[in-house]
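J.: Dropping a structure here in structure tokens format, bear with me for questions.
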Amino acid sequence: MSRRLRSGLSAVLIALSCLLVPFGALSAWAAYGLTDTGHYVTTMAPLATDPDVREAVAVTVGDGITHEIGNEMDARVLHGTVAPFVQAAVRSFTQTAAFRTAWNEGNRAAHDAVLRALRDERDIHDRPVTVDLAPVTAQVKAQLAQDHVPLANHIPVEHTEVALLPARQLGRLRKGFHVLEVAGFWLPVSAVVFAVAGIALAVRRRRALTATALGTALGGALLALALAVGRSVTLADLPDDVSQPAAGAVYDALTATLRTTSWLLMALGLTVAALTWLLRRRAGRPSSRPRPSPRRPLRLGRRGRASGAAAAPRTQSPTGSREDPTEPTEPTGVRA
């Protein structure tokens, strides 16, 4: 495989991995976070002490009780005497341990009802998903009777069902829920596999690792932005009779895990990118030690012999033969 082809495939795989990061986190949260009843109840439990949530519950329950009492007494007496006592008693009840118990049980019942409706495909006739508030009303009635509120014992404790999911949207929500259950596992796994494959195919793996880390951080930032936009859209589409501060508190509690995940993704990506950049810079920095100069070998071959020959040149005899100057010569005038 050529270097250009490897670089192209690596870039495509890394881009797909970074693109799947926010969607994988969202689907995993929906598939494993929202479907766990115990985790859901634990997440919603702190809202029982939230002032906005307590006020919304007090207004809703108080209006329901006042409406039931109004069928048996004069309207002037109801709004002038009984209604303030009812609202005060309900607000006082929301600050007790009994309310927190009722809150947790109500959330557990609502969560179980929603899950059964989304997972049960055998029910051909879709019905709205509701939760019964009769236990809360019974506890409020007992509190009012203990405070000697007039006609408190005559409050009817009926099965007041609050709709959680409308019937016309249940089929579409059921299909979307099944898609999220499948995607909650495969999208995060695919993101990890694409990232590992892209780094392994890269020609320059350090650069590929840096790009993957920065893309992961960008995916976390996009997830945080999507949560902020989703909060604004959700609160803008609420009916007028629903408390926006209470709905905002519920939204923040449900998406707390996603917000933490987005911050972790950004921190992890930026940290890995910074470490990779520092290591690459350190590896490319030249050493501060002075390098020793290479020694030139002493050559005594031909140059030495040539210099010796130049120092002692040979003489040429009259006959044309070369004589060695080191050898003794006979005197020219003496013959044997």
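The values are calculated or read from the model by the stated rules, or taken from the named source; none is laboratory data. All of these numbers come straight from a predicted model, not from anything done at the bench. Note: ideal-geometry Cβ built from the backbone for every residue, glycine included; neighbour counts use all protein chains shown. Note: accessible area is taken over every heavy atom of the protein model, side chains too, but ligands, DNA and RNA are not part of it. Shrake-Rupley method; radii C 1.70, N 1.55, O 1.52, S 1.80 Å.
J.: Of all the residues that make up region 78-96, how many are open to solvent by 60 Å² or more (accessible area, probe 1.4 Å) and modelled with pLDDT under 75?
T.: Final tally of qualifying residues: 4.
J.: So, one more: Restricting to region 29-54, name every residue that is among the small types (Gly, Ala, Ser) and without any contact (Cβ under 8 Å) to a residue 24 or more places away in the chain. Give the derivation first.
T.: Keep residues of region 29-54 that are among the small types (Gly, Ala, Ser), which gives 30-31, 33, 38, 45, 48.
Correct list: Gly38 only.
J.: Give the number of residues within region 110-121 that are modelled with pLDDT under 80, part of a helix (DSSP H, G or I) and open to solvent by 30 Å² or more (accessible area, probe 1.4 Å).
T.: 1
J.: Given Thr66, Thr35, which one is open to solvent by less than 30 Å² (accessible area, probe 1.4 Å) and not in a helix (DSSP H, G or I)? Give the steps one after another, and end with the answer.
T.: Details: Thr66 fails: not in a helix (DSSP H, G or I).
None of the other options fit; the residue is Thr35.
J.: Here is a follow-up. Of the residues that sit in region 232-266 and are open to solvent by less than 50 Å² (accessible area, probe 1.4 Å) and small (Gly, Ala, Ser), which one is farthest from Val53 (Cα to Cα)?
T.: Ser262
J.: Can you name every residue in region 214-231 that is within 13 Å of the chain's Cα centre (by Cα) and open to solvent by less than 70 Å² (accessible area, probe 1.4 Å)?
T.: Going through region 214-231, the residues within 13 Å of the chain's Cα centre (by Cα) turn out to be 215-227.
Hits for region 214-231 are Gly215, Thr216, Ala217, Gly219, Gly220, Ala221, Leu223, Ala224, Ala226, Leu227.
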